[in-house]
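Following: one structure in structure tokens, then a few remarks.
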Amino acid sequence: MEIEYRDTHEFTPAELERLFLSVEWSSGHFPDKLAEAMKGYKTVYSAYDGDKLVGMICSMDDGVMNAYVHYLLVDPEYHGKSIGRKLVEMTKQHYKDYMRICVIAYDTAVHFYEQCGFAISEGASPMCITSLWT
């Protein structure tokens with residue numbers, strides 16, 4: 001297995017649906033919206049095993065100071081192969097001159113993000129308005 005990392009905003013709805021549902025994220029039920037949404041992100045890095053999309057990270061930013069990682073997901077069949085870490089490192093490198101990179105982590109992923117250099121912000125709590133269930 002040789003993973004190829006790409007900088008692209010173009011994905012088929014089918015490959016996004018497969019990847020997002022592999023991690024049981026409800027947004028995978030809206031593949032056409034996901035494909036359109038990818039075009040709106042400032043930074044998107046993806047991981048492919050051949051033609052198979054196996055991971056991605058998507059970020060948005062203000063152009064100078066603040067960046068926000070919205071999606072980071074890796075197909076569970078590829079967990080433990082450092083794909084997520086590589087995607088985070090690519091993003092951190094891209095935003096190395098920014099003053100803040102934020103992520104809202106699910107509780108089960110906090111340890112992973114801490115190992116990647118993120119810290120829980122004291123006095124701050126993530127808040128959402130959403131119709132998604134995961």
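The values are calculated or read from the model by the stated rules, or taken from the named source; none is laboratory data. Treat the numbers as computed from the prediction; the structure is a model and nothing was measured. Note that we place each Cβ from the backbone using ideal geometry, even for glycine, and neighbour counts take in every protein chain shown.
Could you count how many residues in region 80-91 are surrounded by 14 or more Cβ atoms within 10 Å (Cβ to Cβ) and either on the phi > 0 side of the Ramachandran plot or out of contact with any Cys (no Cβ under 7 Å at 6 or more places or on another chain) (or both)?
Going through region 80-91 one residue at a time, the tally reaches 8.
Got a number for residues in region 85-100 being under 13 Å from the mean Cα position of the chain (by Cα) and either in a strand (DSSP E or B) or closer than 21 Å to Ala37 by Cα (or both)?
4
So if I check each of Leu21, Leu73, which one is surrounded by fewer than 17 Cβ atoms within 10 Å (Cβ to Cβ), touching a Gly at 6+ places or on another chain (Cβ under 7 Å) and at pLDDT 95 or above?
Going through Leu21, Leu73 in turn, the sole match is Leu21.
Can you spot a residue in region 110-120 that is over 13 Å from the mean Cα position of the chain (by Cα), charged (D, E, K, R) and more than 22 Å from Asp7 (Cα to Cα)?
Yes; the residues of region 110-120 include at least one that is over 13 Å from the mean Cα position of the chain (by Cα), charged (D, E, K, R) and more than 22 Å from Asp7 (Cα to Cα).
Check off (1) closer than 19 Å to Val88 by Cβ; (2) free of Cβ contacts under 8 Å to residues at least 40 places away in the same chain; (3) outside any loop (DSSP other than H, G, I, E, B) for Arg6 and give me the number that stays unchecked.
Against the list (1) closer than 19 Å to Val88 by Cβ; (2) free of Cβ contacts under 8 Å to residues at least 40 places away in the same chain; (3) outside any loop (DSSP other than H, G, I, E, B), Arg6 comes up short only on (2).
Kindly indicate whether any position in region 72-84 is among the acidic types (Asp, Glu) and assigned to a helix (DSSP H, G or I).
yes
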